[in-house]
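J.: Quick one: this structure, given as structure tokens, is what I'll be asking you about.
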Amino acid sequence: MLIERVEEQFDDGVDNLSRAITNATVPLTIGDDPYDENRGKYGFEQMIKVYIYRRVRGFSQETVADRIQRQPYLQIRFEFADDVPRQQTLSETESERFTPETKRVLDIAAEAIAREADDCNAIVEELAPSLLKSDDDSDEEPSKRERKRQATHQTVRFARQTAIPHFETSRADNKEYLDEEIFDVLARMCATTGSANSEGEIGWLTDDDYTPDGKTILRTIKKFGTPEEEARQAGLDDYLTDAEELPDIAAIRDAAVTAFDLSTRNTISAINGDTPFADRETIAAIDMTYERIYVPPWEDREEEIPNEAFPKMASGYLKGDNDQADEDDGSGPKEARYGFKYATITLVGDNVPIILGVEPVKEASGWESEDAVSYDLSHLVDRLLTKAQEFVDIDTVLFDREFYGHAVFNTVDEHNVTYITPKKEYKQDIPYLDNLESDPEANVAVEHGVESSDGDRTHELSIIYVPSRNEDGKYAMFATNQRVETDEVDSVVNKYRRRWDIEIEYKAIKDFMPRTSSMDYRVRFVNFVFATLIYNLWRLTDYLLKRKLDRPIRDDPEIGSRTFARFIGTFLRTVG
């Protein structure tokens, strides 16, 4: 009923989220107020509307309290005549006045309202303009350097409130530390590449009452990645004792990315409200990266006895010849390594390079049994594209040879998205290449009408042949499901080369990754998700800063990822 009443406001032309929520009447069926009229300083309906607003925007209790405090129009809409509730009041209301059932109903309503508000662009109306005004009312013109410093502080503050939503762990109501306090700790770990133990030690040394000890931090990180129905703190082996239990990893993924998705929605809304994605081609890149571990998969390699302590979600990979981005330059001979693997889909090209989706990856490896389970790449691509298309309309997706396969091609084609990928060389390509390489007049070529079939689905693709940039006299091949004429080849190939943005992305994410020795997959995956969130925070800050300083969006970042990491770590500790 509450959902319908808010949607009616949007249908009647209300284009602002807080106005739509506060105009609607809360139905009596939502729940009963356990406080009598003399105990509750603020009305039950008032607090329900604040909660809905907070959940739709993905704000923490502290952020929404501060926002209402600083925005008079919100005080008027929520009818706070004399004063506004503090964070402690919001926390008490949600733990004591709202029953678990009431919160469940409100959360369902907030999710539905968020989708409707996003469709109506109602969230955009309340984003950047008021928060990006200068804090300095002086008529004196600041220096260029001081203007950039002030702009950086303002944009980081706004980006944090926009991109970092409220994370919940479903811990007991009598928990000593609030979830948002734990989140700030984890964000600082990402920003300083610290660990749970080091952050706890810093809290102890500085006598910081808001920083728990390392064990509490680590335990809460696991809760961020634990499905709600799991009452116990299960280890990874509890999820992966046999092949049939692998889908529970999907539950870990869903638990970990819930707040990431809220953050992505807010981030895209902030950017979309300023420079609509509809004005340009939207290109995304799908790729994978590894988090290296140093545990060997074999107890005895010669006897082929596997190491039972080797984490089941870890995979093997080859490093060298620039096949994978890592701390070194990728040169030298190929080397077998082991690590946890993650896949992402990221905006590239002329758009702000924001990560839209994150997925865990499980591959069958040589030390596992023949029936070992691995994630199907086409299903992985389907999930990433589906998630990305919740936020923006994807026109083209780029991926490398690791994803090459007809099942992937047909999956992307079914999403009505153009794909471009390097083509693997097969025997049937050799005669065509020989003829092309022997023709002194040939420059580029396109083979049309090539059938791509995975048995169930079929579509036509084009094979592009272009001179190799690495080997004189040789040709590189690309596959795409769009019809390409020879005069369009350079444009298509140059578009694919924009995929390089994603390599820069992974290097920056590793600058934000917290340190841990834990092999619990929840800890590893949650750490990666948080690092990608901090990466998005950096990219959003850079975008807002460039808009404020009137700089081109595709210029080099105004502040580097490492500088930003050090700054945001200090910023979170002092004002977070």
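J.: ILE305 versus ASP472, label points 7 Å from Cα toward the beta carbon: distance in nm?
T.: 5.5
J.: Let me ask something else. With a point put 7 Å past each Cα toward its Cβ, work out how far ASP550 is from ASP254 in nm, to one decimal.
T.: Computed distance between label sites ASP550 and ASP254 equals 5.0 nm.
J.: Under 8 Å for C-alpha pairs, at least 6 residues apart: give me the relative contact order for the range 1-120, rounded to a whole percent. Let's see the in-between values first.
T.: Values: 96 pairs, mean separation 42.9, N = 120.
Relative contact order here is 36 percent.
J.: Based on the Cβ-Cβ distance from GLN69 to GLN150, what FRET efficiency comes out when R0 is 25 Å, to the nearest 0.05? Please list the in-between numbers first.
T.: Details: r = 22 Å, r/R0 = 0.86.
For GLN69 and GLN150, the calculated efficiency is 0.70.
J.: Can you give me the long-range amide H partners of THR421? Hydrogens built in the peptide plane at 1.01 Å from N, cutoff under 5 Å, separation of 5 or more residues or another chain.
T.: Answer set, sorted by chain and number: ALA479.
J.: Using a Förster distance of 30 Å, how high is the FRET efficiency between THR486 and HIS415, based on the Cβ-Cβ distance and rounded to 0.05? Please report the intermediate quantities before stating the final value.
T.: On the way: r = 27 Å, r/R0 = 0.91.
Here the calculated transfer efficiency is 0.65.
J.: Can you give me the solvent accessible area of HIS379 with a 1.4 Å probe, rounded to the nearest 10 Å²?
T.: Near enough 130 Å² of accessible area.
J.: Same structure again: Once amide H atoms are built 1.01 Å from N in the peptide plane, which residues 5 or more positions from LEU356, or in another chain, come under 5 Å H to H?
T.: Correct list: ILE345, THR346, LEU347.
J.: State the extension gain, in nm to one decimal, for the chain segment bounded by SER198 and TYR294, taking 0.36 nm per residue of separation less the distance between their alpha-carbons. Present the calculation step by step, with values, prior to reporting the outcome.
T.: Details: separation 96, 0.36 × 96 = 34.56 nm, distance 2.12 nm.
Answer, rounded to one decimal: 32.4 nm.
J.: Right, here's the next one. Order GLU471, GLU7, most accessible first, counting only protein heavy atoms with a 1.4 angstrom probe.
T.: Values: GLU471 110, GLU7 55 Å².
Listed by decreasing accessible area, they come as GLU471, GLU7.
J.: Then there's this: Which entries in LYS312/LYS341; LYS495/LYS546; LYS387/LYS548 show an alpha-carbon gap greater than 20 Å? Could the numbers behind the result be given before it?
T.: Details: LYS312/LYS341 12 Å; LYS495/LYS546 24 Å; LYS387/LYS548 30 Å.
Over 20 Å Cα-Cα: LYS495/LYS546; LYS387/LYS548.
J.: Using the Kirkwood radius over C-alpha pairs as Rh, can you work out the diffusion coefficient of the range 1-120 via Stokes-Einstein at 4 °C, viscosity 1.567 mPa s, in µm² per second?
T.: On the way: Rh = 14.5 Å.
Answer, rounded: 89 µm²/s.
J.: Which FRET efficiency value, to the nearest 0.05, is calculated for GLU370 and ASP456 with the Förster distance at 30 angstrom and r the Cβ-Cβ distance? Numbers along the way, then the final one.
T.: Numbers: r = 25 Å, r/R0 = 0.82.
E(calc), rounded to 0.05, equals 0.75.
The values are calculated or read from the model by the stated rules, or taken from the named source; none is laboratory data. Everything numeric here is computed off the predicted structure, so don't read it as measured data. Methodologically, a virtual Cβ is constructed for each residue, glycine included, from the backbone with ideal geometry; neighbour enumeration extends over all protein chains shown. These area figures cover heavy atoms from the full protein model, side chains too; ligands, DNA and RNA do not enter into them. Shrake-Rupley method; radii C 1.70, N 1.55, O 1.52, S 1.80 Å.
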